[in-house]
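The values are calculated or read from the model by the stated rules, or taken from the named source; none is laboratory data. Just so you know, these numbers come straight off a predicted model, no measurement behind them. Here the Cβ positions follow ideal geometry from the backbone for every residue, glycine too, while neighbour counts run over all protein chains shown. Side chains are part of the model used for accessible areas, which takes the heavy atoms of the whole protein and leaves out ligands, DNA and RNA. Shrake-Rupley method; radii C 1.70, N 1.55, O 1.52, S 1.80 Å.
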Amino acid sequence: MEDSSRYNFNSTDILFKVFKNRKPIIIISISAAIISVIISFIITPKFRATTVLFPAPAESISKSLISTSPNNSIKGIFGEDEEVEQILQVLNSEELQLKMVKKYKLIDHYDIDRDDPHLKSEINKKWDKYVSFGRTQYMAIEISVLDKSPDLATSMANDIAETVDSVMNRMIKERATKAYEIAKNEYIQREDQLKLLSDSLKKIMEQGVYDIESQSGSLNRGLTQALIKGNQKAADKIQEKLDKLAKNGSKYLALKNIIESQSIQLSLLNSRCNEAKVDAEQTLSHVYIVDKAYRPDKKAYPQRLLIVLISTISTFLLTVLTIIALDAIADFKKKELDLKKV
């Protein structure tokens, strides 16, 4: 009795039930196909524009163009993983997004309510839905824009690629400008210090001290000759000069050494200042645009055939499962009544 009450189900039952209910299944499936065709034509078509770019090596203009350092080895013309990640970060930055939203009036274009308290979140949703970035297998970066207007999609994709460069240059210039101001101020201070030292050395030289070694040797020889000749007056004058030389000689040597050291440092600082000035005033592209976006002549969405196939097959399977479930429930109820009668 217990075994006979069980519900046995196999593939033959499925085929039988499908064949038995073929008319409603066919009608429902055809109806789904017709509805999906209508819907696919109602959906606004969207076009995809794509641009591809390579990153340039992350190197300052001064180092890549005017640096004379022997350690300034020549790098490849394309950037590597680090540069790719930097550009992807810029592409996902709020600054770039806001530039595009403002330029193309995307709030109105995407039909977003300006009074929506979650306006920023809504913009982000639309942006993530229609704008995408990613790296290719060849270490390039692909920028893709999906839009109902093929012209806007094309223009926006190309603008994003160009804006990446301007955003990166803006960030680099801010840092380079500060570095230049620091280097310039330091150079001016060092130059003023060197001028004061030079003035002090000049005053000492005006007192007759200009070459310690040659002067001391010459004066000592003159003093010896004057003493040998018995010319005390000449000897006293020479001794006076030697006393001045002894008094100011140490100051002269100290100032001369400091000035030589400061001059070398000032020359190095001047080179750094010039490099910083180049970085602050000039710009260098950080990306190489390989393929510019062109106006798409075919829609990327919706794919009507795919929509119709998926909708029809899904409806067919759901209808079959529903019929099987209803028949199973009916069989369970029937067997339950039979058990009660027994």
Item to check | Within region 264-282, considering residues that are hydrophobic (A, V, I, L, M, F, W, C) and open to solvent by 30 Å² or more (accessible area, probe 1.4 Å), the one farthest from Gln189 (Cα to Cα) | outcome: Val278
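Rundown of residues vs (1) loosely packed, with under 15 Cβ neighbours inside 10 Å; (2) closer than 19 Å to Ala293 by Cα; (3) modelled with pLDDT of 90 or more, yes/no style:
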residue: Met100; (1), (2), (3): no, yes, yes
residue: Arg114; (1), (2), (3): yes, no, no
residue: Asn124; (1), (2), (3): yes, no, yes
residue: Phe133; (1), (2), (3): no, yes, yes
residue: Thr136; (1), (2), (3): yes, yes, no
residue: Ile141; (1), (2), (3): no, yes, yes
residue: Ser144; (1), (2), (3): no, yes, yes
residue: Asp151; (1), (2), (3): yes, yes, yes
Item to check | Any pair with Cβ under 7 angstrom, 6 or more apart, that starts in region 304-328 at a residue that is hydrophobic (A, V, I, L, M, F, W, C) and ends at one that is exposed (fewer than 15 other Cβ atoms within 10 Å of the Cβ) | outcome: Ile324/Ile14; Ala328/Tyr7
Checklist entry - All but one of (1) of a type outside the set (Asp, Glu); (2) at pLDDT below 65; (3) under 30 Å from Leu91 (Cβ atoms) hold for Tyr288; which doesn't? => result (2)
Next on the checklist: Would you confirm, using the coordinates I've provided, whether Leu152 is farther than 30 Å from Lys277 by Cβ, in contact with a His (Cβ under 8 Å, 6 or more places away or on another chain) and either in a helix (DSSP H, G or I) or among the small types (Gly, Ala, Ser) (or both)?
Outcome noted: yes
Item to check | Test: residue in region 90-97 that is assigned to a helix (DSSP H, G or I), exposed (fewer than 15 other Cβ atoms within 10 Å of the Cβ) and at pLDDT 70 or above | outcome: yes
Item to check | Matching residues in region 106-121 - criterion: being in contact (Cβ under 8 Å) with a residue 12 or more places away in the chain and not hydroxyl-bearing (Ser, Thr, Tyr) | outcome: Leu106, Ile107, His109, Ile112, Leu119
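Okay, residues lined up against (1) outside any helix (DSSP H, G or I); (2) under 18 Å from the mean Cα position of the chain (by Cα):
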position: Glu142; (1), (2): yes, yes
position: Leu146; (1), (2): yes, no
position: Asn158; (1), (2): no, yes
position: Ala161; (1), (2): no, yes
position: Ser166; (1), (2): no, yes
position: Arg175; (1), (2): no, yes
position: Lys178; (1), (2): no, no
position: Lys184; (1), (2): no, no
Item to check | Within region 71-85, tally of residues that are over 21 Å from Val145 (Cβ atoms), modelled with pLDDT of 60 or more and open to solvent by less than 80 Å² (accessible area, probe 1.4 Å) | outcome: 2
Checklist entry - Yes or no: Arg175 open to solvent by 30 Å² or more (accessible area, probe 1.4 Å), in contact (Cβ under 8 Å) with a residue 60 or more places away in the chain and closer than 30 Å to Cys273 by Cβ? => result no
Checklist outcome for this item: Scanning region 153-167 for residues that are surrounded by fewer than 22 Cβ atoms within 10 Å (Cβ to Cβ) and more than 28 Å from Pro45 (Cβ to Cβ) gives Asp165, Ser166, Val167
Checklist entry - Can Arg170 be described as basic (Lys, Arg) and either modelled with pLDDT of 65 or more or assigned to a strand (DSSP E or B) (or both)? => result yes
